[in-house]
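Quick notes on the structure that follows.
Every read-out reported here was derived from the displayed coordinates using simple, explicitly stated rules and does not represent laboratory data. Keep in mind the model is a prediction, meaning the values are calculated, not measured. Methodologically, a virtual Cβ is constructed for each residue, glycine included, from the backbone with ideal geometry; neighbour enumeration extends over all protein chains shown.
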Amino acid sequence: MTELFLLRHREIPGLNQLSTYIEHGGFEAWKKAVTSLTPEEITNEVKLSGLRGRGGAGFPTGVKWSFLPNTIWPHYVVANADESEPGTFKDREILEFNPFQFLEGLMLASYAVRARSAYVYLRGEFSQIARRLDEKIADLTRAGYLGDNLFGKDYSLRIFTHLGAGAYICGEETALLESIEGRIGQPRLRPPFPAIEGLFQLPTVINNVETLTNLPIIIGKGAAYFRGLGTEKSPGTKIFSLSGRVKKPGNYELPLGTTFRELIYTHGEGIINDVRIKAIMPAGASSALIPATEEALDTPMDYESVPNLGCALGSASVIILDETVNASALVHGTTHFFKHESCGKCTPCREGTYWMSRVTDRIESGRARKGDIDLLKSIASQMQNKCLCALGEFSTVSVISAIDNFRADFEARLEK
Amino acid sequence: MNQLLKKHPNEIESILARYPQDQKRAAIMPLLHLVQQNAGYISREAMSEVAEISDVDITEVASIVGFYTLFHDKQEGRIRVQVCTDIACEMRGAREYLLEVCREMGIKPGETTPDGLVTIEEVKCLAACDRAPMFQSQIGDEIEFHENQTARKTLDWLRSMMASMTVHKRAVKTADNGDGGSHD
């Protein structure tokens, strides 16, 4: 059994109570940071740790922070708690059961960029979680961990929650900023990047919940300790959300570099009814359908190895398909998802997701015309590299990989 | 006079305090949540009140209500049952489950029962993929997750909720008759 850092609450009951969290070393990193470390020292330690963003892009966190100019003030930090990728349910567990470690991480990130206000953007469906988080923030203010002149130093910090209202696109960081500012969630053109012109047109860091939850470990135990976990280029542990046709779906915190095989067969206890595994989607609905070959199963789940299979590790929402699942039916699901969630700003995505879903409708309902499989692939290919943000790009990945790897599944639908 | 401001002065003050003074429009979404929590949906009048408080045109507020799935501009069922049928849930029988619940309630996905109590709709991923089939209930702005469901379990829950609402309705009616006045 690997040691748990992010899901420590599974071993420590009541960790979502402030007193319990403090008893287990909570806010020691925070106190150490504010009283004896400079913001630059925090940033350096995080750079040394090699921590990479857990929201999907895998960008080095400390490097991201160092892009903020010290000539424009104030700075903001925004926690991205808009967890909406189909197959991802890790941040929800952290927010519900280990909220203080997440908040301590958010506070450390804020101190590192000298932000005095931080926002937590939660998807609208997490309204209960937001309410409880507001209570935790109030607890921290009462206990003197948040507020003015913390620990007698010239540093003040406030945290506010902001609730979305059901829009997958708001997980995209610039759409998220638009949403906080009281606009519809449509991504911005970049540059300027949020590090220069972010929230309220000011320098802003946006980090995922899981990324932030790693920070108290890194500042508390040191970068060297953190680097001892995971792989050389992907240090640390990661929460893998395992779902689909496995016997034991759930969140599993494992060192980066653990193989798919170990996740699926040791932790997930294998496939329902022990039938043959067919494909792996390592990054939720945004990922390719990777044929579950021996080689794929033995691939380490880290930021370097997974792309060799044809798609990114993303937020590590691993969806498993077995032989009972038809790839055409699955793509019918993903195209409808992206059609519904396309924000409508750029034409290739707005039109492309619509047309892809129309063609998958025809194929699934037995009304397919000759050449529809190739038409579907052609629409997807034409969208690639033309969309304003990753949503449109990602909508094409499952379509193309499914047709390339499981074309027979589509043809079977035509013969129906 | 802005009725919303009159009704919730403290909540609105604390919402506005979360954002810089020159960024009032950031309060639009929290204000809409406040409206929906109390009225169950967002009327045109409410949109214009939110617009006034956040210092924007009503069309800006209307576009936000239209864009975000969880904001409703019509009164539908008092209980919204939102079933995730996204890929991970579908692989665990969510569609069959949805159809069975709908059949028992005598409506199709997206429809409301004739008594106006229940709307059942299909929604996208709710981050509970390991505990499918599942649904979230939305009553006003109160959202609750219900995981590891069977149609039977959901129907039992629904019927008990519906019964309590009918009883409540009757009680309010009696009170109305009693004091002869209407509630605010």
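Once amide H atoms are placed 1.01 Å from N in the peptide plane, what residues at a sequence separation of 5 or more from A:Gly244, or on another chain, have their amide H within under 5 Å of its amide H?
Distant-sequence amide H within range of A:Gly244: A:Ile320.
Among A:Ile320, A:Ile22, A:Ile239, which one shows the highest mean-square fluctuation when chain A is modelled as a Gaussian network with alpha-carbon springs under 10 Å?
Among A:Ile320, A:Ile22, A:Ile239, the largest mean-square fluctuation in the Gaussian network model of chain A belongs to A:Ile22.
What is the spin-label model distance, in nm, from B:Gln3 to A:Glu3 if the labels are put 7 Å beyond Cα along the C-beta direction?
6.0
Pulled fully out, how much extra length does the chain show between A:Glu295 and A:Glu41, if you take 0.36 nm times their separation in residues and subtract their Cα-Cα distance?
Gain on stretching A:Glu295 to A:Glu41: 87.3 nm.
Considering the zone a paramagnetic label at A:His24 would reach in this model (a point 7 Å from Cα along the Cα-to-Cβ line), which residues of region A:86-124 have amide N under 11 Å from it?
Residues A:97-101 qualify, since their backbone N sits under 11 Å from the label point.
Starting at the first residue of region A:199-213, write each ³J(HN,Hα) from the Karplus equation 6.51 cos²θ - 1.76 cosθ + 1.60 with θ = phi - 60°, in whole Hz, x for Gly and Pro.
5, 6, 6, 10, x, 9, 9, 10, 10, 6, 3, 5, 4, 5, 5
From largest to smallest, what semi-axes in whole angstrom does region B:3-67 give when each is the square root of 5 times an eigenvalue of its alpha carbon gyration tensor?
After scaling each eigenvalue by five and taking roots: 16, 14, 10 Å.
Hey, what angle do you get for helix A:99-112 against the long axis of chain A, alpha-carbon based, 0 to 90 degrees rounded to 10?
That helix lies at roughly 70 degrees to the long axis.
Fewest first, what order do B:Met29, B:Met47 take by the number of other Cβ atoms within 10 Å?
Fewest to most other Cβ atoms nearby, the residues stand as B:Met47, B:Met29.
If you take the beta carbon distance between B:Asp57 and A:Gln201 as r and set R0 to 22 Å, what does 1/(1 + (r/R0)^6) give as a FRET efficiency, to the nearest 0.05?
The formula returns an efficiency of 0.60 here.
Looking only at region B:79-179, where both bridge partners belong to it, what percent of the DSSP beta bridges are antiparallel (to the nearest 5)?
60
³J(HN,Hα) across region A:16-31 via Karplus (A = 6.51, B = -1.76, C = 1.60, θ = phi - 60°), whole Hz, x for Gly/Pro?
7, 9, 4, 4, 5, 4, 5, 4, 9, x, x, 6, 5, 4, 4, 5
If neighbour count is taken as other Cβ atoms inside 10 Å, put B:Lys124, A:Lys90 in order from fewest to most.
Fewest to most other Cβ atoms nearby, the residues stand as B:Lys124, A:Lys90.
For the protein assembly as shown, what does the helix formula give at 222 nm: sum of -39500 (n - 2.57) over DSSP H segments with n ≥ 4, over the residue count, nearest 500 deg cm²/dmol?
-13000 deg cm²/dmol
Taking the alpha-carbon centroid of each part, what is the distance from region A:372-408 to region A:155-212 in angstrom?
28
For region A:190-253, which trypsin sites (Lys or Arg not before Pro) are both in a DSSP coil and crowded by at most 14 other Cβ atoms within 10 Å?
A:Lys233, A:Lys247
Could you work out how far helix A:39-49 tilts from the main Cα principal axis of chain A, as a 0 to 90 degree angle to the nearest 10?
The angle comes out near 40 degrees.
Of A:Leu108, A:Leu146, A:Leu176, which has the largest mean-square fluctuation in a 10 Å C-alpha GNM of chain A?
A:Leu146
Can you run phi through the Karplus equation (6.51, -1.76, 1.60; θ = phi - 60°) for region A:306-314 and list ³J(HN,Hα) in whole Hz, with x for Gly and Pro?
Rounded to whole hertz, the list is 4, x, 4, 8, x, 6, 6, 6, x.
Among A:Pro69, A:Pro291, A:Pro282, which one shows the biggest mean-square fluctuation in a GNM of chain A, springs joining Cα atoms closer than 10 Å?
Answer for the Gaussian network model of chain A: A:Pro69.
Tell me the angle of helix B:28-39 to the major Cα principal axis of chain B, expressed in degrees between 0 and 90 and rounded to the nearest ten.
70
Evaluate the relative contact order of region B:79-179 (contact order divided by residue number), counting alpha-carbon pairs under 8 angstrom at least 6 apart; express in whole percent.
After rounding, I find 30 percent.
Scan around A:Ile206 for amide H atoms under 5 Å from its own, H built in the peptide plane at 1.01 Å from N, and keep only partners 5 or more places away or cross-chain.
A:Val78
Please find the FRET efficiency linking B:Asp156 to A:Asp274, where r is the Cβ-Cβ separation and R0 is fixed at 35 Å, and quote it to the nearest 0.05.
0.60
Run through region B:51-107 and list the trypsin sites (Lys or Arg not before Pro) located in a DSSP loop whose Cβ has at most 16 other Cβ atoms within 10 Å.
Counting only loop positions with at most 16 other Cβ atoms within 10 Å, the trypsin sites (Lys or Arg not before Pro) in region B:51-107 are B:Lys74.
Explain nothing, just the number: relative contact order of region A:327-415, from Cα pairs under 8 Å at least 6 residues apart, as a whole percent.
Taking the mean separation of contacting Cα pairs over the length of region A:327-415, I get 37 percent.
Mind listing the long-range amide H neighbours of B:Ile143? Cut-off is under 5 Å, sequence gap 5 or more, other chains count too, H placed in the peptide plane at 1.01 Å from N.
So B:Ile143 has HN proximity to A:Gln128.
Using the structure shown, list the pairs from A:Lys136/A:Lys221; A:Lys238/A:Lys377; A:Lys238/B:Lys108; A:Lys64/A:Lys238; A:Lys247/B:Lys124 with a Cα-Cα distance above 30 Å, or answer none.
Beyond 30 Å between Cα atoms: A:Lys238/A:Lys377; A:Lys238/B:Lys108.
Based on DSSP, what percent of beta bridges with both residues in chain A are antiparallel, to the nearest 5?
Taking every DSSP beta bridge within chain A, about 45 percent pair in antiparallel fashion.
What percent do you get for the relative contact order of chain A when only Cα pairs under 8 Å and 6+ apart count?
About 16 percent, as a whole number.
Listing A:Ser66, A:Ser36, B:Ser63, B:Ser54 from the residue with the fewest other Cβ atoms within 10 Å to the one with the most, what is the order?
A:Ser36, B:Ser63, A:Ser66, B:Ser54
Put +1 on the Cβ of every Lys and Arg and -1 on every Asp and Glu Cβ in region A:8-227; which of A:Asn149, A:Ser66, A:Tyr168 then has its Cα farthest towards the positive end of the dipole?
A:Ser66
Counting other Cβ atoms within 10 Å of each Cβ, which trypsin sites (Lys or Arg not before Pro) in region A:132-217 have at most 11 and sit in a DSSP loop?
Within region A:132-217, the qualifying trypsin sites (Lys or Arg not before Pro) (loop, at most 11 other Cβ atoms within 10 Å) are A:Lys153.
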